[in-house]
Amino acid sequence: MKINGTPYRSVWVDEKDGWSVHIFDQTRLPFALDVLQLTTPEQVAHAIKTMQVRGAPLIGAVAAYGLALALRTDSADSALEQQAAMLAATRPTAINLRWAIERMLNHLRPLPPAERVAAAYAEAGLICDEDAAQNEAIGLHGLELLRTLAAQRGKNDKINILTHCNAGWIATVDWGTALAPIYMAHDEGLNVHVWVDETRPRNQGAALTAWELGSHGVPHTVIVDNAGGHLMQHGLVDIVIVGTDRVTRNADVANKIGTYLKALAAQDNNVPFWVALPSTTIDWRVADGVREIPIEERSGVEITHITGRDDSGQINRVQITPDGSKAANPAFDVTPARLVTGLITEKGCCPATPEGLLSLFPEQK
Ligand code: MRU
């Protein structure tokens, strides 16, 4: 996507500075667009854990490059396995991370150590290219849904879309998942408006989704996480579109904490609830999302404190709870498939059922 007219991806390597890996520091957005240069697998692991990079597809792609960086120091079998395990342990919920590492291992294990560095960079580059292409395809399939809504309403009527967390281009290599159809609809002149859940505790909606949409000129309004149900009751939401960190073969959906409550409110108000995902987010080994998907527990400091820019322009963290109050911070929840209207994938849209998924991915039967 473009920033001030210049096209960017969310991760790239640069041969001019020794094939290091570049990312935007997402903990600084929307106030600063800082590029981080990563040269070691430890730096990559740190960036993923601290959420300088985040979003399911992006952490997979960056971890793949992390393995390439690791092999530059030691490309023997034992180092390959050890560094892969280290990178895979950075975050537990998004399956894309494990998928990318497993793909890299399957590609690299059979090769002689001397060939592994070049092969690792090439494979990580392919993962990036494929993610960008898959998300563009998701955008085109999701655009059809928005065109249908526009046709039902009359061309100039506003289409109100609600989204949670950030599933935009900065959470993927390019385009985004939930936001890709919205960018395309806006670009072709549909009258779209996005309700952006702030997404406590880390505010990915308020900070990242609002920044992305604003940079692209898409009309949007930031709301507190609890406003969605009220807006739906008053007919102000036409469709919910969210991304996901893991979809089971039964089509249960893990996504940022609070997604489940949006799905419940959507069902109560007959608002369609769609989930956009590349196939790299499907965990075919898991059926029951509530019982089987590991949910990341993050530090309580993300609840007790909040970060923002003060009136003097400084980015500061301030405490918002009494000293001594405990905080619990499950970072994701699981929305059962029965609450999901459908899935938007690179292969097309399908109902959120095992049969729906298999109709698009018959090779998984
Ligand atoms: O904790 P985060 O910010 O990595 O969580 C991200 C999300 O929950 C996104 O909705 C999901 O990864 C989809 S990204 C296309």
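The values are calculated or read from the model by the stated rules, or taken from the named source; none is laboratory data. On a predicted model such as this, the values are computed, not experimentally measured, just so you know. Cβ coordinates were reconstructed from backbone atoms using ideal geometry, including for glycine residues, and neighbour counts include every protein chain displayed. Ligands, DNA and RNA are excluded from the accessible area calculation, which covers all protein heavy atoms including side chains. Shrake-Rupley method; radii C 1.70, N 1.55, O 1.52, S 1.80 Å.
Observations on the structure shown:
- Reachable lysines, given that their alpha-carbon falls under 19 Å from the alpha-carbon of K365 and they are not under 8 places away in the same chain: K347
- The largest-to-smallest principal axis extents of the Cα set in region 153-364 are 54, 44, 35 Å.
- With θ taken as phi - 60° and the Karplus curve 6.51 cos²θ - 1.76 cosθ + 1.60 applied, the whole-hertz 3J(HN,Hα) list for region 298-304 is 9, 4, x, 4, 5, 8, 6 Hz, x standing for glycine and proline.
- Converting the Cα gyration tensor eigenvalues of region 8-73 into ellipsoid dimensions via √(5λ) gives semi-axes, longest first, of 18, 13, 10 Å.
- Over the C-alpha trace of region 91-131, radius of gyration and Dmax come out as 11.0, 33 angstrom.
- Cα lying deepest toward the dipole's positive end in region 1-104, options Q43, T6, T73, charges on Cβ: T6
- Most positive-pole-ward Cα, Q82, I320, A185, against dipole of the chain from beta carbon charges: I320
- Virtual spin-label span in nm between L236 and L111, 7 Å along Cα→Cβ: 5.3
- Rg ratio (alpha-carbon, reference 2.2 N^0.38 Å) - region 2-130: 1.01
- Rg/Rh ratio calculated on Cα atoms of region 110-199 (Kirkwood radius): 1.20
- Among G228, G308, G205, the residue with the largest mean-square fluctuation in a Gaussian network model of the chain, with springs joining Cα atoms closer than 10 Å, is G308.
- Fully extending the segment from R317 to A122, taken as 0.36 nm per residue of separation minus the present Cα-Cα distance, adds 66.2 nm.
- Spherically averaged projected area of region 216-283 from its Cα convex hull (nm²): 5.5
- Accessible area of region 311-352 belonging to carbon and sulfur atoms, whole % at 1.4 Å probe: 48
- Fraction of antiparallel bridges per DSSP, region 227-365 only, in percent to nearest 5: 65
- Dividing the C-alpha radius of gyration of the chain by 2.2 N^0.38 Å, with N its residue count, gives 0.97.
- Cut-off 18 Å (backbone N to label point 7 Å along Cα→Cβ of K326), residues of region 277-309: 297-305
- For V192, the residues 5 or more places off, or on other chains, whose built amide H falls under 5 Å of its own are I159.
- A Förster distance of 30 Å, applied to the separation of the beta-carbon atoms of L358 and K2, puts the FRET efficiency at 0.20.
- Relative contact order of the chain, pairs being alpha-carbon contacts under 8 Å that are 6 or more residues apart, as %: 15
- Probe 1.4 Å, protein heavy atoms only - accessible area per residue of region 2-130 in square angstrom: 42
- Dipole magnitude of the chain about its Cα centre (Cβ charges: Lys, Arg +1; Asp, Glu -1), debye to nearest 20: 440
- Tilt relative to the chain, helix 116-153 - C-alpha long axis, 0 to 90 degrees, to 10: 10
- Cα-based Rg and Dmax for region 142-248, where Dmax is the largest Cα-Cα distance (Å): 13.0, 38
- Spacing of the two label points (7 Å from each Cα toward its C-beta) at T307 and F31, in nm: 0.9
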